[in-house]
Amino acid sequence: MPAYDDDNIFAKILKGDIPCDKVYEDDHVHAFNDIAPQAPVHILVIPKGKYVSIDDFGANAPAEEIKAFFAAVAKIAAEKGITDDGFRSIANTGADGGQEVPHFHLHLLGGKHIGPMVSKAA
Ligand code: 5GP
C-alpha cells in the first residue's frame with residue numbers, strides 16, 4: 001500500500017483548497033457530488049482521516065470513524081431518496097481496481113439502473 005499523499009485532490013478538498021459541491025459533512029465524514037457523474041445520483045463519501053484505500057481504512061481506522069462512515073452512507077442514501085429503488089456503492093482500490101484518487105472514497109450511484117457489476121472482458 002502506498003503512503004498517503006497529502007497533495008491528493010480529495011485532501012485538497014478537505015483542506016478547502018479546492019471547491020466541491022458538498023452534500024454532507026460531520027466530524028469524521030465528508031461527501032460531495034462527483035465532478036463527472038455517471039448516474040443521476042453520484043456522490044463520493046470520504047473519511048476525513050488520511051486513508052489511502054478501503055483496506056487501509058478497514059485495517060487502521062478507529063471503530064468510531066468506521067461507524068460514522070457507514071452511518072453517513074445510510075443518511076446520505078436516505079436523504080437522496082435512493083434506498084427504495086437501490087443504488088450501487090463502489091470502492092475502487094489500487095491499480096487493478098482503477099482507483100484514480102488515493103484517498104479512500106465510496107462512490108454512491110443511483111437514480112437509474114446502474115447496469116452490470118463489471119465489464120465482461122476477461
Ligand atoms: P476513483 O477512480 O479513484 O474511484 O474515482 C475518483 C472519482 O473522483 C472520479 O469519479 C472522478 O470523477 C472524481 N473526481 C476527480 N477529481 C474530482 C474533483 O476535483 N472534484 C470532484 N467532486 N470529483 C472529482
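The values are calculated or read from the model by the stated rules, or taken from the named source; none is laboratory data. Note that this is a predicted model, so its numbers are computed, not measured. Using ideal geometry, Cβ is built from the backbone for each residue, glycine included, and neighbour counts are taken over all protein chains shown. Calculation scope for accessible area: heavy atoms of the full protein, side chains included, ligands and nucleic acids excluded. Shrake-Rupley method; radii C 1.70, N 1.55, O 1.52, S 1.80 Å.
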Review point. Quick one: net charge of Phe69's neighbours, Cβ under 13 Å, K/R +1, D/E -1?
Key: -3
Exercise for review: Between beta-carbons, use under 9 Å as the cut-off and find the net charge around Tyr4, counting Lys and Arg +1, Asp and Glu -1.
Suggested key: -2
Point to revise | Per residue convex hull volume, Cα atoms of the chain, in Å³ | key: 112
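Give me the percent of accessible area attributable to carbon and sulfur for the chain, probe 1.4 angstrom.
Taking all protein chains in place, the chain shows 53 percent carbon and sulfur surface.
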Check your understanding: What GluC sites (Glu not before Pro) in the stretch 40-122 are in a loop by DSSP, with at most 14 other Cβ atoms within 10 Å of the Cβ?
Key -> Glu100
Revision key, fill the gap. Charge tally for neighbours of Ala91 with beta carbon under 14 Å away, counting Lys, Arg as +1 and Asp, Glu as -1, is -4
Review point. Counting alpha carbon pairs within less than 8 Å and at least 6 residues apart, what relative contact order, in whole percent, applies to the chain?
Key: 30
Review point. With charges only on Cβ, +1 for K and R and -1 for D and E, what is the dipole size of the stretch 2-122 about its Cα centre, in debye, rounded to 20?
Key: 340
Review point. Using modelled backbone amide H atoms (1.01 Å from N, in-plane), which distant-in-sequence or interchain residues come within less than 5 Å of Tyr24's amide H?
Key: Ala31
Revision key, fill the gap. Residue-normalised value, i.e. accessible area per residue, for the chain at 1.4 Å probe, in Å², stands at 60
Review point. Taking square-rooted eigenvalues a ≥ b ≥ c of the alpha carbon gyration tensor, is the stretch 16-64 rounded, prolate or oblate, where a/c under 1.5 means rounded and, failing that, a/b exceeding b/c means prolate?
Key: prolate
